[in-house]
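Take a look at the structure below.
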Amino acid sequence: MKFQYSEKKVKLPGNVHAYAEKKVMKLARYFEEDAEALVVFSVEKNRNKVELTVHGAGTWFRASESTSDMFASIDAAVGTIEGQIRKNKTRLARRLRQDAFVRSVQEETSFVPEPNEDEYNIERVKKFYFKPMRREEAILQMNLLEHDFFAFRDEDNGGSFAVVYRRKDGGYGLIDDEK
């Protein structure tokens, strides 16, 4: 597994990177050798935040955890991603390494039943005409509808499909079609 580290508003000693690498390597058994992990460390409002993104087998996993201790944040982020993998293991079985879910001798035994895996059911279908508009107009429309995202045709990018969304930090994001 390949690692990349990024630090925002904080300078960490090497032992934090080593600890993160050791913990994230627990996820390596689910992926082939070419998997990549990006670990972003930051400090916000006296909270130690870790954002962990793992990319392997054409699938992206992301977790963001914030605690009072950087090591606990690393543990929580790794646990979140492992939970995502376990929750969706039947859907991911074709993409992840073949023996990823085979029990090994060192693995902990847990008697907690795993939740039933639900099918992805589409509950409602809406048909919508995607009107060409500018990005600012799309943000205004999203705010007027009190939604967290809004899909539209981007006039600023030749009428390509785009989505604006509200970020957790209060800003806005844009997902744009790469022609």
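Pairs of Cα atoms in segment 134-179 fall into 10 Å distance bins, from 0 up to the last occupied one, in shares of 31, 55, 14 percent.
For the residues L27, L145, a 1.4 Å probe over the protein chains yields an accessible-area ranking, largest first, of L145, L27.
Ignoring lysines fewer than eight residues from K126 along the same chain, none have Cα atoms less than 25 angstrom from its Cα.
Measuring how big segment 1-61 is from its alpha-carbon positions, Rg and Dmax come out at 12.2, 37 Å. What lysines does K131 reach when the alpha-carbon gap must be under 25 Å and sequence neighbours fewer than 8 apart in one chain are set aside? The reachable lysines, counting only those whose Cα sits under 25 Å from K131, are K179. Among the protein heavy atoms, those of T59 account for about 10 Å² of accessible surface (1.4 Å probe, every chain in place).
Taking amide H atoms as placed 1.01 Å from N in the peptide plane, the amide H of S160 lies under 5 Å from those of D154, each 5 or more residues away in sequence or on another chain. Among the listed pairs K8/K45; K8/K87; K9/K168, which are separated by more than 21 Å between their Cα atoms? Table pairs above 21 Å Cα-Cα are K8/K87.
The values are calculated or read from the model by the stated rules, or taken from the named source; none is laboratory data. From a predicted model like this one, the values you see are computed outputs, not experimental measurements. These accessible areas exclude ligands, DNA and RNA; they are computed on the full protein's heavy atoms, side chains included. Shrake-Rupley method; radii C 1.70, N 1.55, O 1.52, S 1.80 Å.
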